[in-house]
1. Just order 135-141, 76-82 by mean Cβ neighbour count inside 10 Å, highest at the front, would you?
2. Along the stretch 315-325, what does the Karplus equation 6.51 cos²θ - 1.76 cosθ + 1.60 (θ = phi - 60°) give for ³J(HN,Hα), rounded to whole Hz, x for Gly and Pro?
3. Mind checking the dipole of the chain: about its Cα centre, +1 per Lys or Arg Cβ, -1 per Asp or Glu Cβ, Debye to the nearest 20?
4. Provide Lys311, Lys24 in ascending order of the number of other Cβ atoms located within 10 Å of each residue's Cβ, fewest first.
5. Mind jotting down the three principal axis lengths of the stretch 347-483 based on Cα atoms? Whole angstrom, largest first.
6. So what's the angle, to the nearest 10 degrees on a 0 to 90 scale, between helix 162-178 and the longest Cα principal axis of the chain?
7. Answer with one residue from Leu277, Leu209, Met228: the one whose Cα lies farthest towards the positive end of the charge dipole of the stretch 185-301, charges on Cβ with Lys, Arg +1 and Asp, Glu -1.
8. Could you compute the FRET efficiency for Trp216 and His314, with r as their C-beta to C-beta distance and R0 at 60 Å, rounded to 0.05?
Amino acid sequence: AAIVGLVVLLILSSSLSSQDERRKPPGPTPLPLLGNLLQVDLKRLDSSLCQLSRKYGPVFTVYFGLKKVVVLAGHRTVKQALVNHAEEFGDRDVTPIFYDLHQGHGIIFSNGDTWKEMRRFALSTLRDFGMGKRLSEEKIIEECHYLIEEFERYDGKAFNNTQAIRNAASNVISAIIFGKRFEYKDPVFQAMVKRVHESIHLTGSASILAYNLFPWLGPFIKNRTCMMKNSAKNKEEIKSITAALKETLNLEMCRGFVDAFLIRMQNLEESKIKDSLYHIDNLHYCVMNLFAAGTDTTGNTLQWYLLLMAKYPHFQDQVQEELSRVVGSRQVRVEDRKNLPFTDAVIHESQRLANIVPMALPHKTSRDVTFQGYFIKGGTTVFPLLTSVLYDESEWESPHTFNPSHFLDEAGKFIRRDAFMPFSAGRRVCLGESLARMELFLFFTSLLQRFRFTPPPGVTEDDLDLTPVVGSSLNPSPHELRAVRRQ
Ligand code: HEM
């Protein structure tokens, strides 16, 4: 009887454990303490995870040390999770470095009520003071003129356009947040933009990854110290800009996001409403979020556009031919877009190939969820692998080459593609998507109307290197281009 009992117990427990195994997303076997760290290439994590998805399927588990991460790969799966299961996959994983920097405040690295209210407020005020189509169009067009002026200063000589482009992108979001732009030479502005870029780059470094896995390493991690200093200095600058705005606040004339926030704070104080989310910390962190998110991403993408145009001059010819034919020399407007299908296709294809935020930002499941037959516990970190969507072989004819036809039908009409997801999707979809799209279109077309972009003398198109510099985003490697004035 004892033997029979033991056998039954063994069978039961093995069937229970295999049932449990079946329910968890598969993945490579983790080593003690290290997890799967030796099986992934930390220098190009997104590509390495795409490789693993070939073996383990579209939903799989990887362990970074003891930290369990569920990876979502491919257009169908990422969309299904972020859109159809938006609630369950819509929390942010606030890693130790993100918590150090934002303390759970603001929009990007918050959850729950803070996130919901700050996101809603930012969206509605940005719509009124910036993204409201006409107003933001005017602000961007004004900035296009400054950028063109800056490029003209080089008089056709090769130069590195990084700083000028970042300044221009940053000025658009600054105009929306603070109600004013900065001179490109303004040292405070230059330093703020530089710090934002440095910190975004360091977020993807191996030492910050190590810190996120083993927070006790904190005091020994130089990159963390640098990020904390950058953040403290930018916060100081933002505090002094917002203090000046507060002094000149006019309830009748709202200049931008900061004014709208200050007015809301004042109204709540007057109504004696306690424990409001509209406090000064949330204001500072929201501004820091919007300033950072609006600077590097758009600037970086625009740099890719120009590099790709210099690399593929026959596509640049076609864009310039279309612009000359449809718009001529007058200022391009947003409404011209529908009449510029080839240009629109080039804009989309460049952004697809550039893939600047390859793994979105880390998400977290808000509760237990069964997804594609797998059980994922609430609180699990989730990486929506945007690379696997933008380069999905079942979606794109030639995922790894620059091919504007991906966005054109046989008649040459522009077609929207569902797998074009550089802004991610669902609850956490990029808050600045419509602003960014407008900026990219107006900056790109205005620059291509004026200039021909070519490699420096002695450098061929083939020599132009498309290998990205990898941080938490993918930037073009440092390079110079000529911006030659068109006749
Ligand atoms: C989040 C891409 C421009 C503000 C994100 C995310 C991506 C992204 C991939 C993460 C989404 C996720 O977690 O699933 C981009 C790209 C841009 C761009 C490719 C330009 C080419 C902007 C601009 C702003 C902005 C101009 C400023 C208004 C934000 C904010 C979030 C975010 C606030 C956090 C949203 C949240 O957590 O709820 N963006 N972005 N982005 N982006 Fe952008």
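Each value in this text was obtained by applying a stated rule to the coordinates, not by laboratory testing. The shown structure was predicted, so the numbers you read here are calculated from the model rather than taken from an experiment. Cβ placement follows ideal geometry from the backbone for every residue including glycine, while neighbour counts extend to all protein chains displayed.
1. 76-82, 135-141
2. Each residue of the stretch 315-325 in turn: 6, 4, 3, 5, 5, 5, 5, 5, 4, 5, 5 Hz.
3. Dipole about the Cα centre, nearest 20: 720 debye.
4. By the 10 Å Cβ count, ascending: Lys24, Lys311.
5. Principal axes ranked by extent give 58, 38, 29 Å for the Cα atoms.
6. 80
7. The one lying farthest along the dipole's positive direction is Leu209.
8. After rounding to 0.05, the efficiency reads 0.60.
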